[in-house]
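Colleague: Below you'll find the structure I mean.
The values are calculated or read from the model by the stated rules, or taken from the named source; none is laboratory data. Quick caveat, the model's predicted, so the values are computed rather than measured. Every residue, glycine among them, receives a Cβ derived from its backbone with ideal geometry; neighbour counts consider all protein chains shown.
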Amino acid sequence: MQTDVRPAEMARINTPELALAFIQKQIESIRTQVGDGKVLLALSGGVDSSVVAALLIKAIGKQLTCVHVNHGLLRKGEPEQVIKVFGEELGANLVYVDATDRFLDKLAGVSDPEAKRKIIGKEFIDVFAEEARKLEDIRFLAQGTIYPDILESVAGVKAHHNVGGLPEDLNFELVEPVKLLYKDEVRVVGEALGLPKGMVYRQPFPGPGLGVRCTGAITRDRLEALREADAIVREEIGKLPQVPWQYFCVVPDFKTTGIRDGKRTFDWPCIIRAIDTVDVVEVTPVHLPYELIDRLVKRITTEVPGISRVLVDFTPKPPATVEWE
Ligand code: XMP
């Protein structure tokens, strides 16, 4: 049984060889822990849960059931990628729940950022718990807990349970195979497991998803505009020889005048944010090349219905946070 303390002598996993050795060791320890028991995993498509899923599929195959909850606030193409990689290529037992309507109905008219986060968090637990109850004989819950989560939990910064707050009747034993790894090591392990590079080197994305970038009360049309604009921003900025640490856009809940085909319009602005950082405590804005900004302005205003103006947020943190909420 693993402890929650990383041994001082544990080498940093930074080569495919070290990753393969780790994977082999974890496969054995997962098999020892779960035997022929069934394991459940909330698979968001983020780096940590994806690596845990791939590891468990290798170790116990169909004894694992992955539940992918689409809360309607994911980026363009994300649920499809989870279904393709895990459902089709890796042959996982995958339960896909499209809960978009449920989340967006609950969020309708709610503009306070903390209230929005609470609704998304609670609804996620409810949907996941409902799916868990439909399955029989599940004894284990796998989680993509990583070492910084444990350190923060010890320091009292946050609770480390990714699916913390499950109802008491769902009393699972935890399986946390990457809990002693740092993020960079999780990525090396993910690559060694054969996960797509785009999934392993994904930029950070908040749990409440596009909900924090569709400020104020979320509406379906503005959320759709944000999702389309975000896909363009990721595609274009992703072509830079050195990509920023994080890059995305925000579509705020106010409109601005414009003109299209000789007629006056009243549409949303789109705000691009690209930042570099080491620890996200302090961040600096990335000075995007002007030609790239021009291309983004042109593509977003012509390809995304409802957006007629594009701005760039050049504010460091502090004083501004990364997300607009
Ligand atoms: P802020 O806005 O606090 O963001 O400067 C710092 C970093 O954290 C990310 N972020 C989150 N990540 N769950 C996450 O996993 C969340 O709820 C969440 N909220 C913000 C944000 O994208 C940035 O990288």
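Colleague: If you take the residues of segment 303-325 that are polar (S, T, N, Q) and farther than 16 Å from T256 by Cα, which of them is surrounded by the fewest Cβ atoms within 10 Å (Cβ to Cβ)?
Modeller: The qualifying residue surrounded by the fewest Cβ atoms within 10 Å (Cβ to Cβ) is T321.
Colleague: Still on this structure, please answer the following. Among the residues of segment 112-135, is there at least one that is modelled with pLDDT of 95 or more, in contact with a Lys or Arg (Cβ under 9 Å, 6 or more places away or on another chain), over 23 Å from V250 (Cβ atoms) and within 16 Å of the ligand (Cβ to nearest atom)?
Modeller: Looking through segment 112-135, at least one residue is modelled with pLDDT of 95 or more, in contact with a Lys or Arg (Cβ under 9 Å, 6 or more places away or on another chain), over 23 Å from V250 (Cβ atoms) and within 16 Å of the ligand (Cβ to nearest atom).
Colleague: Still on this structure, I have one more. Any residue that is in contact with a Phe, Trp or Tyr (Cβ under 8 Å, 6 or more places away or on another chain), aliphatic (A, V, I, L, M) and more than 18 Å from L210 (Cα to Cα) - is there at least one of those in segment 89-102?
Modeller: The answer is yes; a qualifying residue exists.
Colleague: Taking into account only those residues within segment 145-201 that are modelled with pLDDT of 95 or more and of a type in the set (G, A, S), which is nearest to L55 (Cα to Cα)?
Modeller: G190
Colleague: A follow-up question, please. Can you tell me which residue among V297, V310, V322 is modelled with pLDDT of 95 or more and part of a strand (DSSP E or B)?
Modeller: Answer to the selection: V310.
Colleague: Still on this structure: Which condition from (1) assigned to a loop (DSSP other than H, G, I, E, B); (2) within 14 Å of the ligand (Cβ to nearest atom); (3) closer than 25 Å to P148 by Cβ is the one that R234 breaks?
Modeller: (1)
Colleague: Something else now. Return the only residue of T256, T301, T277 being among the hydroxyl-bearing types (S, T, Y) and within 14 Å of the ligand (Cβ to nearest atom).
Modeller: T277
Colleague: Something else about it: In segment 42-109, which helices (runs of 4 or more DSSP H) lie fully inside it and hold 3 or more residues that are within 16 Å of the ligand (Cβ to nearest atom) and surrounded by 21 or more Cβ atoms within 10 Å (Cβ to Cβ)?
Modeller: In segment 42-109, 47-60 are the helices (runs of 4 or more DSSP H) which contain 3 or more residues that are within 16 Å of the ligand (Cβ to nearest atom) and surrounded by 21 or more Cβ atoms within 10 Å (Cβ to Cβ).
Colleague: Y247 fails exactly one of the following numbered conditions: (1) buried (at least 21 other Cβ atoms within 10 Å of the Cβ); (2) in a helix (DSSP H, G or I). What is the number of that condition?
Modeller: (2)
Colleague: If you don't mind, there's one more thing I want to ask. So which pairs qualify, if the first residue must be in segment 296-325 and under 17 Å from V233 (Cα atoms) and of a type in the set (D, E, K, R), the second must be within 16 Å of the ligand (Cβ to nearest atom) and in a loop (DSSP other than H, G, I, E, B), the Cβ gap must be under 9 Å, and the two must be at least 6 apart or on different chains?
Modeller: What qualifies is D313/A320; D313/W324; E323/P206; E323/R213.
Colleague: Now, a different point. Please work out if D276 is charged (D, E, K, R) and farther than 16 Å from R75 by Cα.
Modeller: So D276 fits the description; yes.
Colleague: From the list E123, E114, E88, E78, exactly one residue is out of contact with any Cys (no Cβ under 6 Å at 6 or more places or on another chain), among the acidic types (D, E) and under 20 Å from L170 (Cα atoms). Which is it?
Modeller: E123
Colleague: Collect the residues in segment 196-208 that are near the ligand (Cβ under 9 Å from one of its atoms) and surrounded by fewer than 21 Cβ atoms within 10 Å (Cβ to Cβ), keeping them in residue-number order.
Modeller: Q203, P204, F205, P206, G207
Colleague: Show the residue pairs that are 6+ apart or on different chains and have beta-carbon atoms under 6 Å apart, the first residue being within segment 272-289 and buried (at least 18 other Cβ atoms within 10 Å of the Cβ), the second being among the acidic types (D, E).
Modeller: R273/D313; V286/D276
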